[in-house]
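One structure is given here, and the rest of the page talks about it.
Just so it is clear, none of the values below were taken in a lab; they were calculated from the coordinates. From a predicted model like this one, the values you see are computed outputs, not experimental measurements. Glycine also receives a Cβ, built like all others from the backbone with ideal geometry; neighbour counts cover every protein chain displayed.
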Amino acid sequence: MLEELGRTPDEVADALRARGIKGVRNTVRILNPVVRYALARIPDARAVDLILGDRLRTVFATGHVKELMVPDSVLQFLEAFHRGQYPDMEMPIDSG
């Protein structure tokens, strides 16, 4: 699933943009753009996160947990995204 996003950080960004996916920097759960992509692809997931850093963890309603290694291109995209390299992909943060 994550390999489909591309072989370079820019390809990953383009693939997420094409799907209208944005996110918030320095997040590992629902606000993370890769997690948002995974949630859209895995409708029966109860929770998805990147808490482990290099692994996408999915918890299903049955309690089953699956971990998927994150490809280097996606990790590189996330590093760049968290540094602010893709500002057009950032969700506005509600100032309350």
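Tabulated results
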{"quantity": "Residues satisfying the stated conditions in region 1-18, i.e. farther than 15 Å from residue 85 by Cβ and either in contact with a Gly (Cβ under 9 Å, 6 or more places away or on another chain) or loosely packed, with under 14 Cβ neighbours inside 10 Å (or both)", "calculated": "1, 3, 4, 7, 15, 18"}
{"quantity": "Residues that are surrounded by 13 or more Cβ atoms within 10 Å (Cβ to Cβ) and of a type outside the set (Val, Ile, Thr), drawn from region 55-68", "calculated": "55, 56, 57, 60, 66, 68"}
